[in-house]
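The block underneath contains the structure these notes are about, expressed in structure tokens.
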Amino acid sequence: MGEWPEDFDMPEQVFVRDNPDASEIAARDEFNRNNPPLTGFAVPEDLRTIELIKRPWRNNKGLWFELAENRILSAHLAELAPGTNSVRHRHTTEAYLYIVKGEGYSIINYDGQPEQRVDWSEGTLFSPPVWAWHQHFNTSETETARYLAVQDTGLIRHMRFHQIERHPTQLKIGEGTDYVVNAVGAGSAQPAETT
């Protein structure tokens, strides 16, 4: 457990910058320059109520945390407005998503594979696989939903493998971090297996 399988097959596209228009790294870096991540040993406020900042490229609000001067782990808190969804995206980092508040579902799949649906509510922990497309949906029409993503971003960036890509169906209008995204929801999906 926790070891790389001998037959691990990282998609070749992960190492190629062949779609710079789909990359979210520049928007993320600009956001963090303008809104520096919280530092220290602990987040000073409740994750359910701490103020978050608009992230137009992801169609939600968010805030990053760089705690205890960690070099490998990074975390961010994201909020989906009532009845909305995030942008469909994928990344080369491993990620655990913990649902801080709210309820909804996420659609996860690799290119050419069937979509799987993961239903979630407060207290759920799940992990989209590396480089799998995923998109998060808040099913409440009145309440926000929040998730905490913990990722190995520091290691992957150091190794120069870091990529974050928007799905081709997600349209970008505008420049920098101030643009509108047509966050089209994914089609019907099969429930994910849980063990």
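The values are calculated or read from the model by the stated rules, or taken from the named source; none is laboratory data. Because the structure is predicted, anything quoted here is derived from the model rather than measured. Cβ placement follows ideal geometry from the backbone for every residue including glycine, while neighbour counts extend to all protein chains displayed.
Observations on the model:
- Close pairs (6 angstrom Cβ cut-off, 6 or more residues apart or separate chains): closer than 16 Å to Tyr147 by Cα and free of Cβ contacts under 8 Å to residues at least 12 places away in the same chain in region 100-120, of a type in the set (A, V, I, L, M, F, W, C) and in a strand (DSSP E or B) anywhere: none
- Within region 21-55, the set of residues being farther than 23 Å from Ile99 by Cα and in contact with a helix residue (DSSP H, G or I) (Cβ under 6 Å, 6 or more places away or on another chain) comprises Ala27 only.
- Applying the criterion of at least 1 residues that are touching a His at 6+ places or on another chain (Cβ under 9 Å) and modelled with pLDDT under 65 to the strands (runs of 3 or more DSSP E) found wholly in region 95-186 leaves 164-166.
- Contact map, region 65-83: first residue in contact (Cβ under 8 Å) with a residue 60 or more places away in the chain and closer than 15 Å to Glu103 by Cβ, second residue in a strand (DSSP E or B) and basic (Lys, Arg), Cβ cut-off under 6 Å, separation 6 or more or different chains; pairs are Glu79/Lys61; Glu79/Arg146.
- Failed item in (1) crowded, with 17+ Cβ neighbours inside 10 Å; (2) farther than 18 Å from Arg28 by Cα, with Ser121 passing the rest: (1)
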